[in-house]
Amino acid sequence: MKRVMVLFLCFSLAAAGPAYADISWKDLALPATQFSENSRYHQVNSVREDPSAPGFLLFSVSNDTVGIQVEGLVALKKWIQEAAVLGQLGGDTGAARGVAGGAVESIKGTGRGLKNLVLHPVNSAKGLGAAAGRVGDKVGDAFREKEDGEKGDDFLSSTKRQIAAKLGVDVYTRNEQLQDKLSSMARQQMGGRGVVMVANFFLPIGFIASAVVTVSNINNSADQLVNDKDRIDLYKINKDALVRLGIPENGAVALLNNPRYTPREATYLRFYLEKLSNLEGYKTLAGLAAQVAEDLPARKLLHEMQIAADAMAGLNDAVAIRAVPEGLLLERKNGMILIGGYDYLTTSPLGDRLIRKAGEYRNQYQKSSAEIWSGGVVTPKFSGALLLNGIKGKRMCLFQTGAKNDSMPD
């Protein structure tokens, strides 16, 4: 299992080339309902492919208070939603302003922290309580000890989760200021002081609590569980579920406590494994998720497992799933699907390798067809290359659910 992750890192480094030029926002052809280049709350200033990680995009973004860099389409979508919430909360006046202003101030700390982390990703994690590395990455124990407000007080814990859900933020956020604010608001509501007016806020776009802000019925089901259960109960439920799937208890514990995943993301992984449990090789994915120790491979694996799990609703002939250096290999009775959690695929050394490997896997497993499914953008040039090589393709797998334009020409 470790060998697969090492191969992935070597593959990524080998595919790396010189610095990449800016990419036109228009050329990305992102769905306007989920991505916008600018609004009254945000601006995407530039886009480029990460020179150290081909297939992944870097976005320079800004709002009224901060300019930062985010990596990945999922992180961008999440940041756009955060900016909209911050802008709406910042515009409130009157009796609710105290709560709104406090929430804005707390989350503004996240923006400052994330900016610092982009510039100093190693030394700045401790005091910030925010995501480490680039935006969207996490550090710290996934299921660490209960916070003060949760110990011996289920009602306070429940109130805090309800407030977080109404605000559209994750109760398991690593931002310490926001955690303090949520705890304070929960105590005030329990004290009957009527300070929490969150339900009356009008948020045109909510910061969805999901760490993976994508289209997924599986994620929605997991979110409901996460929002309903406190940290310790959630840990026990997930561990028991993983053990029932045949994952050794020590392996389940290692997965749930992998610091690269939050409690919410670890819950997603458990739900994905349940969907994939009829396939040969699914236990290997649990081992990989438990052992992955770098941000990018962890995020990539999470997204690939989501794509594979979502696919099971429409595939009745899938028989096995395997981890390969390029992503996940989903075997059907007569075909192979190479799943890659990439943001951007075009004609490049990475794209050429994926096409070549898809053909090789088709021949190796003696299948009649091969497909490449990508989490994000696929350029027309890459679609044309797939066509010339007799490979089917699917794009934007993380953000669309069966629309006709998901599939590229056969």
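What follows draws every value from the coordinates through simple rules; no lab data is involved. None of these values were measured; they are calculated from a predicted model. Ideal geometry is used to build each Cβ from the backbone, glycine not excepted, and the neighbour counts take in all protein chains shown.
When MET336, MET396 are sorted by how many other C-beta atoms sit within 10 angstrom of their C-beta, beginning with the fewest, the order is MET396, MET336. The percentage of C-alpha pairs in region 272-384 whose separation is greater than 22 Å is 30%. Between ILE232 and VAL66, the simple label model (points 7 Å from Cα in the Cβ direction) yields a spacing of 3.2 nm.
Using the Cβ of ARG353 as centre and a radius below 13 Å, the other residues enclosed give a net charge of -1, where K and R count +1 and D and E count -1. Here THR262, THR65 are placed in order of increasing Cβ neighbour count within 10 Å, fewest first, which gives THR65, THR262.
Considering only Cα-Cα distances, which of the following residue pairs are longer than 30 Å: LYS26/LYS283; LYS275/LYS333; LYS26/LYS229?
Among LYS26/LYS283; LYS275/LYS333; LYS26/LYS229, the Cα-Cα distance tops 30 Å for LYS26/LYS283; LYS26/LYS229.
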